[in-house]
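Enquirer: One structure, pasted below without further comment.
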Amino acid sequence: MGQEFYLTGYFYAAVFLAVGAVVVLGGLIASLLLAPRGHKTREKLRAYESGEEPVGTAWVQFPVRFYIFALLFVVFDVEAIFLFAWATRFGQLGVVGLVEMAIFILVLVAGLVYAWRKGVLKWT
Amino acid sequence: MIDWADTVWRLFTVFAVLIGALLVAAGLIWVERRLLALFQNRYGPNVVGPFGTLQVVADMVKIFTKEDWVPPFADKSVFVLAPTIIMAAVLLSFAVIPFAPGFQVVNLNVGLLFFLAMSSMGVYSVVLGGWSSNSKYSLLGGVRAAAQMLSYEVFMGLSLMGVVLLAGSFDLATIVDAQARGIWYVVPQIVGFVVFLIAGSAETRRLPFDLPEAESELVAGFHAEYSGMKFGMFYVGEYLGITLLSAMIATLFFGGWSGPLLPPFLWFVVKAAFFVGLFILLRGSLPRPRYDQLMAWGWKFLLPLSLLNLLVTGAVILAMA
C-alpha cells in the first residue's frame with residue numbers, strides 16, 4: 001500500500017477518464033455525422049424569446065451584490081477545507097480539537113450573522 | 001511485475017461501470033416517465049416495445065438525427081464544451097463508488113473529496129452553457145444555477161463531515177466497512193442525511209430545485225438554445241446525477257453493499273433504486289419554491305443546521321469514547 005498503490009489507483013482513474021471522454025466525444029461526433037443540416041431561417045438566427053424580437057445582447061454586467069455573495073461562498077468553502085483535515089484526525093485531537101473547532105466555527109458564524117444583518121442574504 | 005488477472009479485472013470494472021451507468025441513466029428516463037404518469041393518473045410511454053421500454057431507444061435515434069444547431073450569436077467553443085463537462089464530471093464520480101467488495105474502479109483514499117470535487121465541476125457546465133448561449137432566458141438560468149449550486153455546495157460538504165468523523169476516513173470502501181461492522185450512519189447522522197438529500201437534489205437541479213430550468217418562467221433556462229445531441233447530454237447528465245446521488249446516499253448513510261442473505265451487489269442496487277424512486281416521487285409531489293425562498297432557506301437554516309450537527313456529532317463521539 002505504498003506509493004505504487006496510489007499510482008496504479010490514479011492510473012485506472014485516468015483510463016476511466018479516457019474511456020468516458022471517448023463516450024462523450026463519440027456522441028458529439030456521431031451527431032455531427034448523423035444530424036441533418038437545415039436551412040438558416042430568420043427565426044433560427046436570433047435568440048429565443050417566446051416570439052419577441054430580442055433587444056440587445058444577453059452579455060450584460062451583473063449587479064455587484066453577486067460579488068459579496070460569492071465572497072461569502074469562498075469563506076465557507078475554505079472553512080470546509082479546514083474542517084475536512086480536522087475531521088479525519090478527530091480521534092487523535094480529542095476534546096482540545098473539538099473546542100478549537102467550535103471557536104473557529106463560532107467566528108465564522110459571527111461573520112454569517114454580520115452579513116445577514118447587512119442584508120447580503122436578501123434576494124428580493 | 002504485472003498481475004494480469006488483476007489488470008483484466010480492473011479494466012473490466014472500468015467498462016462495466018461506465019456502460020452500466022449510462023444504461024441505468026437511459027433506463028431511468030423511461031422509469032421516471034412511467035412513474036410520473038402513474039402518480040398523475042395517466043399512461044406515460046406505452047407504445048414502443050413492451051410497456052414502452054423501447055421508448056428510450058426511439059428517443060436516442062431521434063436525438064441523433066435531429067439538427068444540432070449552434071446559434072451564430074453564441075460563443076461557439078464554450079457552447080459546445082458546456083454539455084460535455086457535465087457528462088464527464090458525473091461519469092468520473094462513479095469511479096470511486098464501491099458497488100461490492102472489490103468492485104470499484106479506483107479505491108482512492110480521498111474518495112469522498114473526489115466526489116465533492118466532481119459534483120462542483122457540474123456548476124461550470126450549467127453556468128457556461130447558460131452564458132455562452134447569449135440568450136436572456138439562458139443567462140437567467142445560468143445565473144440562478146451559479147447562486148443555487150454554490151450555496152448548496154457549501155453545506156453539502158459540511159453535511160458529510162459527520163460521516164467522516166464517525167468513520168475517520170474519506171475512503172468510501174472504509175466508510176462502508178465501518179457501517180457493515182457497526183450501525184448504518186443514517187441513525188447517528190439523520191440530520192446529515194436529510195441535509196445531504198436536500199443539498200444533493202439542489203446540486204442535480206431536480207425539481208423542486210429546478211430553478212435554473214423552471215420551464216414555466218424561463219422556458220428551458222440554461223439549455224433553452226440547445227438542441228440535438230448537446231441537449232441530450234444535459235438530459236442524460238441529469239439522470240446520471242440522480243443515479244450518482246442515490247448511489248452516494250446508499251454508500252454513505254445506508255451501509256452500501258452490506259446486508260444479510262442477498263449478494264452484496266444486489267443489496268447496493270436495491271438501496272440505490274429505493275432512493276431513485278424517492279427522487280421521482282419528490283418530483284411528482286413537490287412544487288417549486290420561489291428563488292429567494294430557496295436561497296434564504298439554504299443560508300439561514302440549512303447552513304447553521306449542518307454546522308450544529310457537526311459540533312454535536314463531535315461532542316457525542318467524544319462522550320461515547
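The values are calculated or read from the model by the stated rules, or taken from the named source; none is laboratory data. This one's a predicted model, so the numbers in the text were calculated from it and none came from an experiment. With ideal geometry, Cβ positions are generated from the backbone for all residues, glycine too; neighbour counts draw on all protein chains shown.
Enquirer: Quick one: in the range B:289-302, of everything that is more than 7 Å from chain A (Cβ to nearest Cβ) and part of a helix (DSSP H, G or I), which residue is farthest from A:G119 (Cα to Cα)?
Expert: Per the stated criteria, the residue is B:L302.
Enquirer: What number of residues within the range B:162-197 are buried (at least 21 other Cβ atoms within 10 Å of the Cβ) and either under 20 Å from B:L294 (Cβ atoms) or aromatic (F, W, Y) (or both)?
Expert: Going through the range B:162-197 one residue at a time, the tally reaches 5.
Enquirer: Can you tell which of B:V312, B:V276 is more than 14 Å from chain A (Cβ to nearest Cβ) and either within 28 Å of B:Q148 (Cα to Cα) or at pLDDT 85 or above (or both)?
Expert: B:V276
Enquirer: Only one of (1) under 14 Å from B:A16 (Cα atoms); (2) modelled with pLDDT of 85 or more; (3) out of contact with any Ser or Thr (no Cβ under 9 Å at 6 or more places or on another chain); (4) among the aliphatic types (A, V, I, L, M) fails for B:A100. Which number is that?
Expert: (2)
Enquirer: I would also like to ask the following. Where residues in the range B:222-281 are in a helix (DSSP H, G or I) and touching a strand residue (DSSP E or B) at 6+ places or on another chain (Cβ under 6 Å), which of them is farthest from B:F94 (Cα to Cα)?
Expert: Per the criteria, the residue is B:P264.
Enquirer: Criterion first (farther than 19 Å from B:L128 by Cα, crowded, with 21+ Cβ neighbours inside 10 Å and of a type outside the set (G, A, S)) does B:Y239 satisfy it?
Expert: Yes: the conditions hold for B:Y239.
Enquirer: Working only within the range B:96-106, note down all residues that are in contact (Cβ under 8 Å) with a residue 24 or more places away in the chain, more than 15 Å from B:G241 (Cβ to Cβ) and buried (at least 18 other Cβ atoms within 10 Å of the Cβ).
Expert: If the condition is that a residue be in contact (Cβ under 8 Å) with a residue 24 or more places away in the chain, more than 15 Å from B:G241 (Cβ to Cβ) and buried (at least 18 other Cβ atoms within 10 Å of the Cβ), then B:V96, B:P98, B:F99, B:Q104, B:V105 are the ones that fit.
Enquirer: Can you name the residue in the range A:79-100 that is over 13 Å from B:V164 (Cβ atoms), hydrophobic (A, V, I, L, M, F, W, C) and at the interface with chain B (Cβ under 7 Å from one of its Cβ atoms) and is also surrounded by the fewest Cβ atoms within 10 Å (Cβ to Cβ) among such residues?
Expert: Restricting to residues being over 13 Å from B:V164 (Cβ atoms), hydrophobic (A, V, I, L, M, F, W, C) and at the interface with chain B (Cβ under 7 Å from one of its Cβ atoms), the top hit is A:V95.
Enquirer: Now a separate question. Out of everything in the range B:218-228 that is crowded, with 24+ Cβ neighbours inside 10 Å and facing chain A (nearest Cβ under 10 Å), what residue ends up being farthest from the chain's Cα centre (by Cα)?
Expert: B:E225
Enquirer: Moving to a separate point now. Looking only at residues in the range A:34-49 that are assigned to a helix (DSSP H, G or I) and under 33 Å from the mean Cα position of the chain (by Cα), which one is surrounded by the most Cβ atoms within 10 Å (Cβ to Cβ)?
Expert: Checked the range A:34-49; the qualifying residue surrounded by the most Cβ atoms within 10 Å (Cβ to Cβ) is A:K44.
Enquirer: Let me ask something additional. Looking at the range B:25-38, can you tell me whether even one residue there is surrounded by fewer than 14 Cβ atoms within 10 Å (Cβ to Cβ) and either over 21 Å from B:R206 (Cβ atoms) or within 14 Å of chain A (Cβ to nearest Cβ) (or both)?
Expert: no
Enquirer: Also, quick follow-up: Could you please tell me which pairs satisfy a Cβ distance under 6 Å, a separation of 6+ or placement on different chains, a first residue in the range B:129-155 that is more than 8 Å from every other protein chain (Cβ to nearest Cβ), and a second residue that is outside any helix (DSSP H, G or I) and surrounded by fewer than 24 Cβ atoms within 10 Å (Cβ to Cβ)?
Expert: Final answer for the pair search is B:S132/B:A74; B:S132/B:D75.
Enquirer: Filter the range B:162-183 down to residues that are within 11 Å of chain A (Cβ to nearest Cβ), touching a residue at least 24 places away in the same chain (Cβ under 8 Å) and not charged (D, E, K, R) and give me whichever is nearest to B:F254 (Cα to Cα).
Expert: Among those residues, the one meeting the criterion is B:V163.
Enquirer: Would a scan of the range B:285-295 turn up a residue that is modelled with pLDDT under 90, under 26 Å from A:A110 (Cα atoms) and among the aliphatic types (A, V, I, L, M)?
Expert: yes
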